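Presented below is the structure to which this report refers.
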Amino acid sequence: MSLEGLKIESFSLGPLGTNAYLLSRPEENRAIIIDPGMNPKPLMKRIEGMQVEAILLTHAHFDHIGGVDEIRKLKGCPVYLHDAEADWLTNPKYNGSAKWPELGEPIVTDPAEYALDEGQVLKLLDLEIKVKHTPGHSPGSVSFLIGPHLFGGDVLFRLSVGRTDLPGGRGEDLMDSIHDKLFVLPDETIVYPGHGARTTIGYEKENNPYV
């Protein structure tokens with residue numbers, strides 16, 4: 001695995017400011033996308049001319065999947081999602097878009113092509129992407145570890161943690177995920193959360209009031 005030449009860009013998308021991440025090798029015009037959220041026009045513009053190898057979803061809440069349909073159809077790329085949320089892409093009630101109609105239309109797209117699971121290693125973009133099942137915010141939440149970079153969705157934020165009051169959420173599971181899966185990583189691991197600013201594992205171990 002080579003991190004050399006890898007570019008990581010973030011896009012704050014939709015009414016909830018959801019972070020979508022574009023990982024690319026600009027010299028080769030190849031990319032993968034993590035959590036393409038609602039109103040994805042800035043991201044769509046950026047991937048013009050790029051080959052998108054995959055869309056990876058940390059989980060399937062509506063604000064993280066709003067751009068899946070457009071990008072998948074435009075680029076013909078497969079979607080990866082944990083099996084615990086396999087039917088969320090097709091059901092607005094499960095993904096939450098039916099609950100908050102004021103934020104946009106109900107979101108429906110085809111099922112994911114590939115299922116994610118604990119311990120999996122994806123080979124995409126000449127990278128080894130390690131999959132960690134980190135439930136609590138939602139039952140199928142996963143985190144993607146690429147070298148020193150952790151894309152954790154809504155599990156761990158800078159000085160905060162993901163909410164657990166949505167369907168399938170569970171506080172005890174969230175704490176187990178953070179302590180057993182994330183806090184065992186090196187302190188210098190950079191955390192790219194689903195909302196807000198980046199942080200590090202070491203900083204959150206020392207300063208996060210919720211854990």
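Miscellaneous remarks
- DSSP bridge orientation in the chain - percent antiparallel, rounded to nearest 5: 65
- Three semi-axes describe the equivalent ellipsoid of the chain; taken as square roots of 5 times the Cα gyration tensor eigenvalues and ordered largest first, they are 23, 22, 15 Å.
- Near PRO40, once Lys and Arg are set to +1 and Asp and Glu to -1 for all other residues with Cβ below 13 Å from its Cβ, the sum equals +1.
- Sites listed here are GluC sites (Glu not before Pro) in region 1-78 whose DSSP assignment is loop and whose Cβ has at most 12 other Cβ atoms within 10 Å: GLU4, GLU48.
- Karplus-derived 3J(HN,Hα), 6.51/-1.76/1.60, for each residue of region 64-72, Hz, glycine and proline x: 9, 10, x, x, 4, 4, 4, 6, 4
- Probe 1.4 Å, accessible area per residue of the chain, Å²: 44
- Percent carbon-and-sulfur accessible area, the chain, ignoring ligands, DNA and RNA, probe 1.4 Å: 48
- Per-residue accessible area (protein heavy atoms, 1.4 Å probe) orders ARG46, ARG163, ARG25 as ARG163, ARG46, ARG25, starting from the largest.
- Of the trypsin sites (Lys or Arg not before Pro) in region 53-110, those whose Cβ has at most 16 other Cβ within 10 Å and which sit in DSSP loop: LYS99
- Accessible area of THR18 in the full protein assembly, 1.4 Å probe (Å², nearest 10): 0
- Here's how it looks for HIS137: its modeled amide H is under 5 Å from those of ARG170, which are all 5 or more places away or on a different chain.
- With DNA, RNA and ligands ignored, accessible area of SER10 (1.4 Å probe; Å², nearest 10): 80
- Mean sequence separation of contacting Cα pairs (under 8 Å, at least six apart), scaled by the length of the chain, corresponds to a relative contact order of 15 percent.
- Karplus (6.51, -1.76, 1.60) ³J(HN,Hα), θ = phi - 60°, over region 145-160, in Hz, Gly and Pro reported as x: 10, 10, x, x, 10, 10, 9, x, x, 9, 8, 10, 10, 5, 6, 7
- Among 11-17, 155-161, 56-62, the order from most to least packed when residues are scored by Cβ within 10 Å on average: 56-62, 155-161, 11-17
- Taking VAL121, VAL52, VAL142 in turn, the Gaussian network model of the chain (Cα-Cα springs below 10 Å) assigns the largest fluctuation to VAL121.
- For the chain, the mean residue ellipticity at 222 nm estimated from helices alone is -4000 deg cm²/dmol, where every DSSP H run of n ≥ 4 contributes -39500 (n - 2.57) and the total is divided by all residues, rounded to the nearest 500.
- Here is the list for region 104-142: GluC sites (Glu not before Pro) lying in DSSP coil, each with at most 14 other C-beta atoms within 10 angstrom of its C-beta, are GLU113, GLU118.
- Convex hull volume per residue, computed on the Cα atoms of region 152-195, equals 72 Å³.
- Only Cα pairs under 8 Å and 6+ residues apart enter the sum, and on that basis the relative contact order of region 20-123 stands at 22 percent.
- Heavy-atom accessible surface of MET50, to the nearest 10 Å², is about 20 Å², with a 1.4 Å probe and all protein chains retained.
- Across the cross-link table entries LYS45/LYS123; LYS45/LYS93; LYS41/LYS181; LYS45/LYS205; LYS41/LYS123, which are compared at the Cα atoms, the separations over 32 Å belong to LYS41/LYS181; LYS45/LYS205.
- For HIS195, the amide hydrogen comes within under 5 Å of the amide hydrogens of ASN19, counting only partners 5 or more places away or on other chains and with H modelled in the peptide plane.
- If you sort TYR210, TYR114 by accessible surface, 1.4 Å probe, largest first, the order is TYR210, TYR114.
The values are calculated or read from the model by the stated rules, or taken from the named source; none is laboratory data. Everything quoted here is computed from the prediction, not taken from an experiment. So basically every Cβ, Gly included, is an ideal-geometry build from the backbone, and we count neighbours across all protein chains shown. Side chains included, ligands, DNA and RNA excluded: accessible areas come from the protein's heavy atoms. Shrake-Rupley method; radii C 1.70, N 1.55, O 1.52, S 1.80 Å.
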